[in-house]
Amino acid sequence: MVRRALFGFSRVLVTTGPILLLLLSACGGSGPSAPEITNYAGTWSGDWTQSIALGCGCVSDDLLGLSNGSSESHTMTLSQAGAAVQGTWISAETGKGCEVMGTVDIDLNFVEGDLSGCQPELQTDLQCPNGKQRDLLQFGGYWQSRVDGNTLVGSLDEFFQCFDSITGKQIGSVRVKGTFSLSRR
């Protein structure tokens with residue numbers, strides 16, 4: 001009886017074994033693949049369009065010589081290692097710029113980060129309507145962007161410290177908001 005049961009079981013394995021092996025091999029593999037990280041590396045050039053300046057009392061768009069929609073040419077050069085992005089943001093007009101760094105959000109397919117190490121861009125003796133004078137010194141910013149075809153689109157805000165021109169005392173900060181559209185070179 002025991003022999004017959006074992007013999008019967010081995011027959012089942014012999015006839016179903018190859019089918020079972022085929023099914024198991026079809027289900028194998030390394031599992032689901034990770035989402036692909038967008039390539040931000042390269043040199044991107046185009047315009048940054050200022051939309052608004054905020055802060056420091058009398059400092060406004062007019063005082064900065066900017067108007068809503070005014071543009072400046074910039075180049076962003078980026079390197080990338082996985083989700084980490086770093087590089088430079090340089091003004092074509094002044095040749096000055098900042099270091100940029102950021103992280104790619106794989107799920108939302110965009111990168112965001114900070115500007116730091118800005119070459120001081122000092123604007124002095126800005127005359128307020130009330131007669132007071134202000135100096136501005138750029139110190140950093142914030143950016144976020146995504147790749148749309150062969151174009152890098154996003155926003156970049158620059159931050160400035162605001163000083164009284166006479167006393168040198170820091171009295172606040174200014175945030176200049178803007179958007180950019182840069183093409184890969």
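Read-outs: derived from the displayed coordinates by stated rules, not from any lab. No experiment lies behind these values; they were computed from the predicted model shown. Positions of Cβ are backbone-derived with ideal geometry, glycine not excepted, and every protein chain shown enters the neighbour counts.
Working value for segment 54-185: equivalent-ellipsoid semi-axes of 31, 14, 13 Å, each the square root of 5 times a Cα gyration tensor eigenvalue, largest first. The 3J(HN,Hα) values that the Karplus relation (6.51, -1.76, 1.60; θ = phi - 60°) gives for segment 161-169 are, in residue order, 7, 10, 10, 6, 5, 7, 8, x, 6 Hz. Gly and Pro appear as x.
Label zone (residue 72, point 7 Å along Cα-to-C-beta; backbone nitrogen cut-off 19 Å) within segment 151-185: 153-163, 173-183.
Could you please report the charge total around residue 165, scoring K, R as +1 and D, E as -1 over all other residues with beta-carbon less than 9 angstrom from its beta-carbon? So the environment of residue 165 carries a net charge of -1.
Residues whose amide H comes within less than 5 Å of that of residue 165, counting only those at least five positions distant or on another chain, are 133, 134, 135 (H built at 1.01 Å from N in the peptide plane).
From most to least packed by mean Cβ count within 10 Å, the peptides 84-93, 103-112, 154-163 give 154-163, 84-93, 103-112.
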